[in-house]
Amino acid sequence: MKRMLYLIPVFSVILLLSSCSSKTPTIEDYEWKLRTAMSAGAPELVVAVGEPDSVHPEAQVVDMTLKAENGVIMISNNTNGTTATGTYRVTGVTPEGTEYEIIIDGETANACVAPTKYYDGSEMPTLPISVDGFSLYFIPVNY
């Protein structure tokens, strides 16, 4: 009986640790939507947003989504009905995130999926992509 009482806390700790998985987020884990697009030149300007906001009223609203699976990436601009398809590959993995090289229409981009921590303590996976003088910042569609 004493042995059974000893095993209960052990199994509780194992269960707790297994539920606190530290899985590194990947590009395949989510369908993504555009949050902002910024020019990388000086000065940095927000040129597009995924939905209207009062902080950047001059920015164009663009409904853009991104899906990635099995090395194939598809970015859909639902505002104008265009879609771009390319490839991606993992270039690095850390406990915090996964880094990628993305190639679409001969253009190479760098990306990283990692959690972003906000001032209020909340956390959300994010996908920033740097390409051709722009930075695109994606967030999960349903998060």
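What follows draws every value from the coordinates through simple rules; no lab data is involved. All values reported here derive from a predicted model rather than from experimental measurement. Cβ sites come from the backbone with ideal geometry, for glycine too, and all protein chains shown count toward neighbours.
Across region 95-110, rounded Karplus estimates of 3J(HN,Hα) from the backbone phi angles (6.51 cos²θ - 1.76 cosθ + 1.60, θ = phi - 60°) give x, 8, x, 10, 9, 9, 10, 10, 10, 9, 6, x, 8, 9, 10, 10 Hz, Gly and Pro being marked x.
Excluding same-chain neighbours fewer than eight residues apart, the aspartates and glutamates reachable from K23 by a Cα-Cα span under 15 Å are E96, E99, E123.
Fewest to most neighbouring Cβ within 10 Å: what's the order for Y143, Y137?
Working: Y143 9, Y137 18.
So the ranking, lowest neighbour count to highest, is Y143, Y137.
Taking a straight Cα-Cα cut-off under 12 Å and skipping sequence neighbours fewer than 8 places away in the same chain, the aspartates and glutamates within cross-link reach of K33 are E51, D63. Under 5 Å from the amide H of L45 lie the amide H atoms of S39, each residue being 5 or more positions distant or on a separate chain, with H modelled from the backbone and absent for Pro and chain starts.
For region 25-140, the spread of Cα positions along the three principal axes, ordered from largest to smallest, is 37, 36, 27 Å. Counting beta carbons within 10 Å around each of K23, K117, K33 and listing the fewest first gives the order K23, K117, K33.
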